[in-house]
Amino acid sequence: MSEVIPEPRTAGDDTAGRGTAQDAVPLLELVDVRAGYGAIEVLHGVNLALKPGSLLALLGPNGGGKSTTMRVCAGLHPPTGGELRFAGRKVNGISAQDAARLGVCSIPEGRGIFPNLTVRENLWAATGTGARLEDLEEKAYARFPILDERRHQLAGSMSGGEQQMLALSRALGTDPAVLLLDELSMGLAPMIVSRMYETVAELVEGGLSVLVAEQFARAVLPIADTAALMLHGRVVAAGPPGEIEDRLSSDYLGG
C-alpha cells in the first residue's frame, strides 16, 4: 500500500495490558464489514473490536462466517464494504504481507505447518522475520517440551496436538501484536485443547491481543475477555462471556 500505516502497539508494550484494554483504541476493528465470494455475500455488516491485551472469542456454528471474518482480518480476503482498521487506521485492501508487518499473525484452520519439514525446519522457516533460530527453539521447547523430543521428526507425522503446538510456536516466533486463531480445538482431544488454551491465556496475560474463532464455545469462554456470537454472517450478540453464554444454545456450546 502506498499509505504509511502506523504499527499497532506490540505485545510487550506496558500500556497494552488488561488493565487498560477497555479504554484503548482497538488494535483490530471491523466496522460494518461486508465480504463474499463472487455474487454471494457471506458477511453482512460485521462489527468487532479487539482491544490491546485482551482475548475476543468469535463463536458460532460452521457456515456462520467466522472463517471469512478471520481471512478479512488477516488480509487474505478483501472486504467489499465497511472498514477494516488496525490501530485506528482504515486499511481496506491491505495484503497479508502488510498485515504481517503490522504484527498480525494468523494460525488458520488446519494449523498451517509444513508437514514435510522437521519441527526444527518449521521453526527455521519463521526466522524470515529476523528472529534467531536459537531463540525460537528455546522458547518453543520451554513452552512445549514434547517439541524438543520431536525436533528432528517430520511435522506431518506428529499428532494433531503436537502439530498445533508447533503452529503456535512458529506464530509466536514472529513476535506478533495480534494473533488470529481459527478453530484451535479442531480435531484435538479435550485435554490437549485445555493445554493449548491455558497457553493462550498466559500469552494474553503477557499483553498479546488474540482473536479466536471457535465453534466449541466451552473451550474458550473461560479465558475470554469478550465474546461475540456470529450467525448467518452477522454478529447477533457481543459482550462479556457470561452474557453471551446465556445466548448460546447447547448446539453452539459443543461437548
So for the stretch 125-208, what percent of the C-alpha to C-alpha distances run longer than 20 Å? 32 percent
Quick one: 3J(HN,Hα) in Hz for the stretch 225-233, Karplus 6.51/-1.76/1.60 with θ = phi - 60°, rounded, Gly and Pro as x. 8, 9, 9, 9, 9, 10, 9, 6, x
Using a 10 Å cut-off around each Cβ, can you sort S67, S95 from fewest to most neighbouring Cβ atoms? S95, S67
Using mean Cβ contacts within 10 Å as the protection proxy, how do 165-171, 35-41, 55-61 order, highest first? 55-61, 165-171, 35-41
Taking 0.36 nm per residue of separation between R234 and R143 and subtracting their Cα-Cα distance, the length gained on full extension comes to 29.1 nm
Over the stretch 149-255, what is the percentage of antiparallel beta bridges among all DSSP beta bridges, to the nearest 5? 50 percent
Proxy exposure order for L188, L28 (fewest C-beta within 10 Å first) is L188, L28
Calculated [θ] (222 nm, deg cm²/dmol) that DSSP helices of n ≥ 4 give over the chain, each run adding -39,500 (n - 2.57): -8500 deg cm²/dmol
Among A126, A201, A189, which one shows the highest mean-square fluctuation when the chain is modelled as a Gaussian network with alpha-carbon springs under 10 Å? A189
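Using R₀ = 25 Å, calculate the FRET efficiency as 1/(1 + (r/R₀)^6) where r is the Cβ-Cβ separation of S157 and T129; round to 0.05.
Computed FRET efficiency for S157 and T129: 0.40.
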With both partners inside the chain, how many of the DSSP beta bridges are antiparallel, as a percent to the nearest 5? 55 percent
Rounded to whole Å and sorted largest first, list the principal axis extents of the Cα atoms in the chain. 47, 46, 41
Dipole magnitude of the chain, debye to nearest 20 (Cβ charges: Lys/Arg +1, Asp/Glu -1, about Cα centre): 400 debye
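Given Cβ point charges of +1 (Lys, Arg) and -1 (Asp, Glu) and nothing else, what value in debye, to the nearest 20, does the dipole of the stretch 63-107 about its Cα centre take? Each step should come with its number before you reach the end.
Details: 6 positive and 2 negative charges, 14 e Å.
My answer is approximately 60 debye.
Each value in this text was obtained by applying a stated rule to the coordinates, not by laboratory testing. In this text the structure is predicted, and so the values were computed from the model without any measurement. Don't worry about glycine lacking a Cβ; one is built from the backbone with ideal geometry, like all the others, and counts go over all protein chains shown.
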